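The values are calculated or read from the model by the stated rules, or taken from the named source; none is laboratory data. All of these numbers come straight from a predicted model, not from anything done at the bench. In this analysis, Cβ positions are derived from the backbone assuming ideal geometry, glycine residues included, and neighbour counts consider all displayed protein chains. To get the accessible areas, we keep the full protein, side chains included, count just its heavy atoms, and leave off ligands, DNA and RNA. Shrake-Rupley method; radii C 1.70, N 1.55, O 1.52, S 1.80 Å.
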Amino acid sequence: MKKRIIIANWKMQLSFKEAKFLAKEILIKIKKKEKEKKKLKDFDIVLCPPFMSIAEVAKIFTTKENSKRNILSCGAQDCFWEEKGGFTGEISPLVLKELGCKYVILGHSERRQFLGETNEMIHKKVRTVVNLGLIPIICVGETREERDRGLKEHTILTQVSKALEGINLKIYQKIIIAYEPVWVIGSGQAIDSQEAEYMAKIILQRTIDIYPLPIVHNNIRIVYGGSINSTTVRSFINQETIDGVLVGSASLKAEEFIKMCELMPL
Ligand code: PGA
């Protein structure tokens, strides 16, 4: 079985101080669980703070004591497709790596919708991030309109194929694909977990068509995102093909986030 993962996307919801505080609160709660001998099981926890707070949050996790824990990592919510150069206002993936980030969310629907990100741009970002040894969390998902027109599967297959086109994965390069139906993000109402499993299987099939089986089994994880909370997390994570969850709103409260972490199965 693939290692499970829970990813917190804090979006632009927290101030610098709030992000630092929340990261520390989460770490304190994890330490407390360890003291109570309720050591969290073997899975990955990734926190993706707003850009301005990344350096601070990454610093909290990379102290000698915490790096031994090895379950907490820092991720970014986006980056540019070049490592450096004359690209005013953009974020270098190389600098994210330097700061201690291990993961980068790419192609989130809010960026596709509000910043005009295209499949081509996302593809270039995936290529750069993978080559740098960072792990892209590639977000795909249909809008309500695409769904109503019967284009759900078509949209997802197009987004996955375009993001990965021509990108070979070496055995040390990993990727995560997050299925997030756009119309349920932030709605408080997740889709049925059976439907998420069906979509995860479609994504899995596409990766099997592109990559050798050992790469699919060892290097690619598929997660679900969209209105996940401590009440719903279990039904998604118990599905055969879903290796984890990407959480927005419910990751902004330490108590709720830790509750979700505790519900992760072995
Ligand atoms: P949500 O956000 O959990 O608030 O729906 C998920 C996401 O946007 O990744």
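Numerical summary
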read-out	value
Distance (nanometres) between label positions extended 7 Å along Cα→Cβ at Asn131 and Ile208	3.1 nm
Positive dipole terminus of the chain, leading residue within Thr241, Thr63, Leu151 (C-beta point charges)	Thr63
Span-like helix ranges in the chain, DSSP H, alpha carbon extent 20 angstrom or more, Kyte mean at least -0.5	193-210
Estimated FRET transfer efficiency when R0 is 30 angstrom, pair Thr231-Lys33 (beta carbons, to 0.05)	0.90
Check: the chain dipole with +1 on Lys, Arg Cβ and -1 on Asp, Glu Cβ, in debye	1220 debye
Segments 12-21, 96-105, 189-198 sorted - mean Cβ within 10 Å per residue, highest first	96-105, 189-198, 12-21
With all protein chains modelled, accessible area of Glu145 [1.4 Å, Å²]	110 Å²
The chain - percent relative contact order, Cα under 8 Å, separation 6 or more	20 percent
Those residues of segment 1-28 whose amide nitrogen sits under 12 Å from the label point placed on Ser187, 7 Å along Cα→Cβ	none
Residue-averaged 222 nm ellipticity for the chain, from DSSP H runs of 4+ at -39500 (n - 2.57), nearest 500	-13000 deg cm²/dmol
The chain, accessible area per residue, ligands and nucleic acids excluded (1.4 Å, Å²)	48 Å²
From the C-alpha gyration tensor of the chain, square roots of 5λ in Å	26, 22, 18
Inter-probe distance in nm under a simple model that places probes 7 Å from Cα toward Cβ, at Ser15 and Lys84	3.4 nm
Long pairs among Lys3/Lys125; Lys31/Lys84; Lys201/Lys259; Lys31/Lys124; Lys2/Lys59; Lys33/Lys201, criterion Cα-Cα beyond 31 Å	Lys31/Lys84; Lys31/Lys124; Lys33/Lys201
Stretchable slack from Asn238 to Ala55, in nm (0.36 nm times residue separation minus alpha-carbon distance)	62.5 nm
